[in-house]
1. Name every residue in the stretch 247-274 that is touching a residue at least 60 places away in the same chain (Cβ under 8 Å) and of a type in the set (A, V, I, L, M, F, W, C), in order of residue number.
2. Limited to the stretch 231-244, what total is found for residues that are free of Cβ contacts under 8 Å to residues at least 40 places away in the same chain and either of a type outside the set (S, T, N, Q) or part of a helix (DSSP H, G or I) (or both)?
3. Please specify each residue of the stretch 234-266 satisfying the condition of being within 18 Å of G155 (Cα to Cα) and surrounded by fewer than 19 Cβ atoms within 10 Å (Cβ to Cβ).
4. Filtering the stretch 14-30 down to residues that are among the hydrophobic types (A, V, I, L, M, F, W, C) and under 19 Å from I60 (Cβ atoms), which residue is modelled with the lowest pLDDT?
5. Taking the stated definitions as given, is L166 under 13 Å from F257 (Cβ atoms) and buried (at least 22 other Cβ atoms within 10 Å of the Cβ)?
6. Could you list, ordered by first residue, the pairs with Cβ atoms under 7 Å in which the first is in the stretch 119-140 and hydrophobic (A, V, I, L, M, F, W, C) and at pLDDT below 65 and the second is surrounded by 12 or more Cβ atoms within 10 Å (Cβ to Cβ) and not in a loop (DSSP other than H, G, I, E, B), at least 6 apart or interchain?
7. Within the set of pairs 6+ apart or on separate chains, which have a first residue in the stretch 275-290 that is more than 14 Å from E140 (Cα to Cα), a second that is of a type in the set (S, T, Y) and part of a helix (DSSP H, G or I), and C-beta atoms under 6 Å apart?
8. Of all residues being charged (D, E, K, R) and surrounded by fewer than 17 Cβ atoms within 10 Å (Cβ to Cβ) in the stretch 177-198, which is nearest to P251 (Cα to Cα)? Just the residue, please.
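The values are calculated or read from the model by the stated rules, or taken from the named source; none is laboratory data. It should be emphasised that the depicted structure is a prediction, and the values quoted were computed from it without experimental measurement. Counting neighbours? That spans all protein chains shown, and the Cβs are built from the backbone with ideal geometry, glycine included.
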Amino acid sequence: MTNEAQAIEETALAVADRRGVALRTAIEVWASASTSGTTRRREELIAKKRKAVESFFAEIGKDPGEVTPVDVQEWCDRMRREDGHRPAAATIYARVSFLSSFYAWAQRELGLRPNPALLARPKAPKPYQTESTKSWTDEELRRITSAVAAHAAGGDLVGKRDLALLLMYTSTGLRREEVMGLRGRDVQVTEEGLIIGGRVKGGRYRAREVRDEETKAALLGYLTAAKRLHVLKTDAPVWTRHDNPKFAGEPLTSHAFVRNLKLYAREAGMEHVHLHQTRHTFGRIVAEETGSMMATQDALDHANLSTTTVYVQRIAIKRDLHSAAVARRRKGTDAL
């Protein structure tokens, strides 16, 4: 190799290296900017986003502006053909969604060309069809609540806490961390029940009234039994550990509560129980009681009505508003 050719090659490598550093920096900035500061396990989610997008560019060997929808589609196809630990359809969809999010950010911040991931993104896997997202029936809701209540009635402090938690989840439809992350100052006791405040998905602050005497009584009963009633109006966590004196007073994790929930479910004769089912159960009941998509959207705090529509179509029983009138017409006994 001549000196000139060697110099050209070294220059090309240096340019490529600088581009690589710039790309990794851009991905890092995007991943941080697109992840809410209130997100639990934020660093873990940021790392997951970075890994998905960095692996895409490492695999195709192109600059962001050179990527086409075909490149993204072929990447998806290769993931589907992977031997061994082939990613699930939901995982592939999530990875392409991260890539699309990166491009949307780059369009705004860096003036990049149109988003190639939008056209190539696979259809979202059908939501709310798995065991983890099915709504409980009314009978199942009664059974699992009774199982937890039996532990609480026996004087078990963990049972009292878990009953208050289960009622809080099913009475409000709040998301996993919106309940688990509650601080004393987020809970206001009223004559009619409770007012629950805090950050919801998207970083917005919202206060929610809970007119349920049973939920209020369970919460106050737990805090009184734990000698922690004083935490209200403070920044201390509402839910703490009571399983081991060594960890007394430490914040409870949702994973620990879920472990207990599965044990209660087994006692209630239920299988495949997941915490998010409390939210789906709440949404189903609201939809069936109101028959209103708008009311259900507000109760679930969905930003978009389309999200609520998909939610309700999967989990709710559509209220019958017309069959009685049709029957009367059929019999010729009445008019619509």
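1. L252, F257, L261, A265, A268, M270, V273, listed by residue number.
2. Result for the stretch 231-244: 1.
3. The answer is T240, R241, D243, N244, P245, A248, L263.
4. Residue satisfying both the conditions and the ranking: V15.
5. yes
6. Every condition considered, the pairs that remain are A124/Y93.
7. Close Cβ pairs satisfying both conditions: G283/Y311; V286/T296; A287/T296.
8. Here is the first cut: in the stretch 177-198, the residues charged (D, E, K, R) are 177-178, 183, 185-186, 191-192.
Among the residues that remain, those that are also surrounded by fewer than 17 Cβ atoms within 10 Å (Cβ to Cβ) are: 185, 191-192.
Numbers: R185: 15, E191: 28, E192: 28 Å.
The extreme case among them is R185.
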